[in-house]
1. Could you list which residues have their amide H under 5 Å from that of T45, counting only those 5 or more apart in sequence or on another chain, with H placed in the peptide plane?
2. Using θ = phi - 60° and the Karplus form 6.51 cos²θ - 1.76 cosθ + 1.60, what ³J(HN,Hα) does each residue of segment 108-119 get, whole Hz, x for Gly and Pro?
3. Taking the Cα centre of the chain as origin, sum charge times position over the Cβ atoms of Lys and Arg (+1) and Asp and Glu (-1), and report the length of that vector in debye to the nearest 20.
4. With runs of 4+ DSSP H residues as the only contributors, calculate the mean residue ellipticity of the chain at 222 nm using -39,500 (n - 2.57) per run, divided by the residue total and rounded to the nearest 500.
5. Dipole of segment 5-150 (Lys/Arg Cβ +1, Asp/Glu Cβ -1, origin at the Cα centre): which of I20, V147, N113 lies farthest to the positive side?
6. A 25 angstrom limit on the alpha carbon distance is what I want to check against. Which of K54/K126; K50/K137; K64/K126; K54/K82 exceed it?
7. What is the extension gain from R122 to R84, computed as 0.36 nm multiplied by their sequence separation minus the C-alpha to C-alpha distance, in nm to one decimal?
8. Ordered by residue, what ³J(HN,Hα) values in Hz, to whole numbers, does segment 19-24 give under the Karplus form 6.51 cos²θ - 1.76 cosθ + 1.60, where θ = phi - 60° and Gly and Pro are x?
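What follows is calculated from the coordinates using simple rules that are stated; it is not laboratory data. Only a predicted model underlies this, so the values are computations on that prediction, with no experimental measurement involved. Positions of Cβ are backbone-derived with ideal geometry, glycine not excepted, and every protein chain shown enters the neighbour counts.
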Amino acid sequence: MSESYTFEVTTDYPLIHQIITDPSVFDWVVDDAGAESLHFPLYPTYLLVKESGKPVGFWVFVSKGAICAECHVCLLPEARGKQRSDPIFQGMLSWLWANTRIERLIGEIPVHNRRAMEYVRRNGMKAYGSNPGAWLKNGQRWDMLCVGLTRP
């Protein structure tokens, strides 16, 4: 893992809003509800990712019980690509296992988002089901792939 990445819990909602509404991120992370669905705080735990002190994205974790959390990620362009995003994923897992009681991490990815599906699979998440027609994008319904990872 690159030593230049740091991870910290944040409640800086204007910064979270700035990252999520960045044009290079926004279209990939919202459905047809768009900005109407962005009322902060949305989730209990945001994990800000910085590179050399500059914010490059965040992870958000939504509790699904005592040991399970749903996760979502938003990375700005400078944090993308296997060489950059994979160490960020692994750093997030290291932080998560060391700092929380979470034993199972889950997520849902619209099946049209092949980059995200490849990203999570490369980093150890496995498909365990689907949520048919649960994502509305450009007026079209898409299935969501359900993925998960259990603490080693």
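1. Result for T45 returns F61.
2. Each residue's phi maps through the Karplus curve to give 10, 10, x, 5, 6, 8, 5, 4, 5, 5, 5, 4 Hz.
3. Computed charge dipole of the chain: roughly 520 debye.
4. -8000 deg cm²/dmol
5. V147
6. K54/K126; K50/K137
7. Going from the current span to full extension adds 12.4 nm.
8. 5, 5, 9, 4, x, 6
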